[in-house]
Amino acid sequence: MNELQALLMGIFQGLTEYLPVSSSGHLAIAAEVLGVQDPDKVMSFAVVVHVATVLSTLVILWKEVAWILKGTFSAQWNDEKRYVLNILVSMLPIMVVGFFFKDYIEQAFSGLFVVGCCLLVTAALLSFSHFAKPRVKEHISPVDAFVIGIAQAIACLPGLSRSGSTIGMGLILGNKKEHLAQFSFLMSIPPILGMALLDAKEMVEEGVDKAMDGITPMALAVGFVAAFLTGCAACRLMINLVKKGKMLWFAVYCAVVGVIVLASQLC
């Protein structure tokens with residue numbers, strides 16, 4: 001993987017991590033188009049750029065993170081601790097997937113057929129969440145957080161958008177738009193870091209040189225910076241788009257790309 005490939009894939013990752021179009025699916029498509037054929041190299045690079053997008057989340061939502069941390073260390077039961085409880089509850093499904101089904105998920109990255117199918121599922125979910133009109137709730141409950149967490153766990157499949165799945169499921173459950181984007185992005189931080197640590201552990205066990213063979217330090221740095229900068233822009237953009245309810249266009253985009261990907265695999 002050279003610096004140009006790393007730059008383009010980092011931009012893809014940063015933009016699509018927050019926009020509801022599936023970062024993993026687009027990273028797989030980008031790897032195919034750019035000629036990065038080794039899936040192990042794509043996974044190793046994905047670890048680095050995912051950490052970059054976590055950092056962009058912390059930068060854009062630093063006020064919310066500071067609010068949560070300040071309230072968490074209070075002696076009283078408060079809204080901040082309820083928020084942390086919801087995040088912890090939302091993590092349970094993806095922890096199960098990460099520990100018991102990680103190898104199966106990685107196998108799904110070996111071809112684009114799964115990506116095409118999952119993009120169509122993402123389009124359907126975004127469309128349904130747009131037209132669904134449930135009773136709006138004032139707060140995200142632990143039960144809702146768990147269901148949203150299930151959506152996040154299923155979205156480990158390439159082509160299923162994590163932000164699209166979690167925000168879409170939250171809308172279907174009747175949660176307020178202004179709460180969902182923030183919760184979706186913050187709940188993603190612990191699992192992404194956890195998966196990155198597991199991947200880093202595997203890389204150390206098999207040898208870092210082997211895992212990173214063909215990826216130069218400069219390429220990693222370029223990809224990291226590209227993912228971070230575009231991630232900051234996409235995170236802020238997505239929060240505004242969710243508040244305005246403009247999710248349907250992403251459903252159209254996912255449907256079009258999904259059909260193109262499937263056609264390229266079947267023809």
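The values are calculated or read from the model by the stated rules, or taken from the named source; none is laboratory data. Being a predicted model, the structure only gives us computed values, none of them experimental. Every residue, glycine among them, receives a Cβ derived from its backbone with ideal geometry; neighbour counts consider all protein chains shown.
Which of the residues that make up the stretch 22-73 are aromatic (F, W, Y), closer than 19 Å to A227 by Cα and at pLDDT 85 or above? Selection gives W62 alone.
Results for (1) without any contact (Cβ under 8 Å) to a residue 60 or more places away in the chain; (2) small (G, A, S); (3) not in a helix (DSSP H, G or I), shown as yes or no for each residue.
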| position | (1), (2), (3) |
| --- | --- |
| Q5 | no, no, no |
| A30 | yes, yes, no |
| V33 | yes, no, no |
| L58 | no, no, no |
| R82 | yes, no, no |
| N86 | no, no, no |
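Of the listed requirements (1) at pLDDT 85 or above; (2) closer than 30 Å to L120 by Cα; (3) surrounded by fewer than 16 Cβ atoms within 10 Å (Cβ to Cβ), N86 misses just one: (3). One residue stands out among those in the stretch 116-140 that are touching a Gly at 6+ places or on another chain (Cβ under 9 Å), aliphatic (A, V, I, L, M) and surrounded by 14 or more Cβ atoms within 10 Å (Cβ to Cβ): the one that is farthest from S264 (Cα to Cα), which is I140. Evaluate the following for W77: is it modelled with pLDDT of 80 or more and under 17 Å from F185 (Cα atoms)? Criteria not met by W77. Among the residues in the stretch 143-150, are any touching a Cys at 6+ places or on another chain (Cβ under 9 Å) and among the aliphatic types (A, V, I, L, M)? The answer is no; no qualifying residue exists.
Among the residues of the stretch 63-80, the one identified as of a type in the set (V, I, T) and either more than 24 Å from the chain's Cα centre (by Cα) or not in a helix (DSSP H, G or I) (or both) is T72.
Filtered by the rule that a residue be farther than 30 Å from G35 by Cβ and either at pLDDT 85 or above or not in a helix (DSSP H, G or I) (or both), the stretch 111-136 gives A124, L125, L126, S127, A132, K133, P134, R135, V136.
Scanning the stretch 9-28 for residues that are buried (at least 23 other Cβ atoms within 10 Å of the Cβ), aliphatic (A, V, I, L, M) and in a loop (DSSP other than H, G, I, E, B) returns a single hit, V21.
Of A219, A196, A181, which residue is over 17 Å from the mean Cα position of the chain (by Cα), modelled with pLDDT under 85 and in a helix (DSSP H, G or I)?
Details: A196 fails: over 17 Å from the mean Cα position of the chain (by Cα); A181 fails: over 17 Å from the mean Cα position of the chain (by Cα).
Only one candidate passes the filter, namely A219.
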